[in-house]
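Undergrad: Dropping a structure here in structure tokens format, bear with me for questions.
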Amino acid sequence: MRIIDFHTHLADRWFSTQLIDEKAFLAALDRMGVDIACIFTLMGFYEPCGPHNDFLAARSREYPTRMIPFVTVDPKLGKPAVAELERCLADPIFRGVKFHPWCQAFASSMVKETMVEILKAAERAKVPVLFHDGTPPYSTTFQIAALARWAPEATVVLGHSGLADYVAAAAQLCRDIPNLHACVCCPKADDVRHLVEVAGPDKVIFGSDLGAG
């Protein structure tokens with residue numbers, strides 16, 4: 001059995017602060033007994049996404065058995081965001097999509113047309129879409145759950161299972177919405193138990209947020 005960490009970040013810097021390189025990142029995975037990591041950007045949430053998507057793809061090609069890159073785009077850009085998503089998803093190395101509405105400064109309801117296009121593109125590519133959740137005003141768990149209802153055939157993941165304030169809601173929403181799943185990245189141990197009991201073990205995914213800070 002292989003252990004997959006579904007929520008990690010791999011970037012060369014956080015603004016002007018240098019971060020761990022890929023060898024130190026892999027060493028951390030080894031210490032934790034993790035075989036494969038889904039890797040997301042950090043600075044790609046603040047800067048043009050293309051170069052950061054390419055950075056993740058290049059790192060994953062160096063370590064294809066250890067890293068799975070997720071693409072991000074800025075839905076505020078409209079059609080260019082969809083084009084960048086499709087550019088990346090045409091490369092089979094990308095096997096997921098990641099959004100951080102709080103850092104990327106968008107409310108899904110304000111970019112609904114573009115977001116529905118994005119979710120449908122992810123559905124066609126058969127890849128999951130993970131959202132940071134649990135942080136108002138743009139990333140509440142209820143907002144992300146609404147996205148899952150907009151595109152019922154897409155696989156949508158709550159990146160933090162509601163964090164501290166929305167765990168009970170996350171458990172119920174994942175139970176009630178067939179295409180909504182919860183990544184237990186940051187909730188407390190008792191909250192994880194509650195998520196499994198209410199939503200069911202098939203709806204709960206392991207993630208650590210390695211590399212986020």
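Undergrad: Applying the selection to the stretch 171-190, what residues are open to solvent by 80 Å² or more (accessible area, probe 1.4 Å) and modelled with pLDDT of 95 or more?
TA: GLN172, ARG175, ASP176, PRO178
Undergrad: Right, here's the next one. Does the stretch 61-78 hold any residues that are open to solvent by less than 10 Å² (accessible area, probe 1.4 Å) and of a type in the set (Phe, Trp, Tyr), and which are they?
TA: Step one: of the stretch 61-78, the residues open to solvent by less than 10 Å² (accessible area, probe 1.4 Å) are 67, 69-73, 75.
Once the filter is applied, which keeps residues that are open to solvent by less than 10 Å² (accessible area, probe 1.4 Å) and of a type in the set (Phe, Trp, Tyr), the stretch 61-78 yields only PHE70.
Undergrad: A follow-up question, please. Being open to solvent by less than 30 Å² (accessible area, probe 1.4 Å) and β-branched (Val, Ile, Thr): is that true of THR41 here? Can you show your working first?
TA: Values: open to solvent by less than 30 Å² (accessible area, probe 1.4 Å): yes; β-branched (Val, Ile, Thr): yes.
Yes: the conditions hold for THR41.
Undergrad: Let me ask something else about it. Where in the stretch 135-213 are there strands (runs of 3 or more DSSP E), lying fully within it, with 1 or more residues that are at positive phi?
TA: Values: elements: 156-158, 180-184, 204-206.
Hits in the stretch 135-213: none.
Undergrad: Considering only the stretch 147-162, state which residues are open to solvent by 20 Å² or more (accessible area, probe 1.4 Å) and either without any contact (Cβ under 8 Å) to a residue 12 or more places away in the chain or out of contact with any helix residue (DSSP H, G or I) (no Cβ under 7 Å at 6 or more places or on another chain) (or both). Please lay out each step first, then the result.
TA: Kept after step one, since they are open to solvent by 20 Å² or more (accessible area, probe 1.4 Å), are these residues of the stretch 147-162: 149-150, 152-153, 155.
Passing the criteria: ARG149, PRO152, THR155.
Undergrad: Only residues that are closer than 29 Å to MET43 by Cα and of a type in the set (A, V, I, L, M, F, W, C): list them for the stretch 169-191, please.
TA: Just the residues of the stretch 169-191 that are closer than 29 Å to MET43 by Cα, to begin with: 170, 179-188.
Selection gives ALA170, LEU180, ALA182, CYS183, VAL184, CYS185, CYS186.
Undergrad: Give the residues of the stretch 41-69 that are free of Cβ contacts under 8 Å to residues at least 40 places away in the same chain, touching a His at 6+ places or on another chain (Cβ under 9 Å) and hydrophobic (A, V, I, L, M, F, W, C), sorted by residue number.
TA: Result: MET43, single match.
For (1) open to solvent by less than 30 Å² (accessible area, probe 1.4 Å); (2) part of a helix (DSSP H, G or I), each residue gets a yes or a no:
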{"position": "GLY50", "(1), (2)": "yes, yes"}
{"position": "ASN53", "(1), (2)": "yes, yes"}
{"position": "ALA58", "(1), (2)": "no, yes"}
{"position": "GLU86", "(1), (2)": "no, yes"}
{"position": "ASP91", "(1), (2)": "no, no"}
{"position": "ARG95", "(1), (2)": "no, no"}
{"position": "TRP102", "(1), (2)": "no, yes"}
{"position": "MET110", "(1), (2)": "no, yes"}
{"position": "THR114", "(1), (2)": "yes, yes"}
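The values are calculated or read from the model by the stated rules, or taken from the named source; none is laboratory data. As the structure is a prediction and not an experimental result, all values here were calculated from the model. For neighbour counting, all protein chains shown are included, and Cβ atoms are generated from backbone atoms with ideal geometry for every residue, glycine included. What goes into the accessible areas is simple: the full protein's heavy atoms, side chains included, and nothing from ligands, DNA or RNA. Shrake-Rupley method; radii C 1.70, N 1.55, O 1.52, S 1.80 Å.
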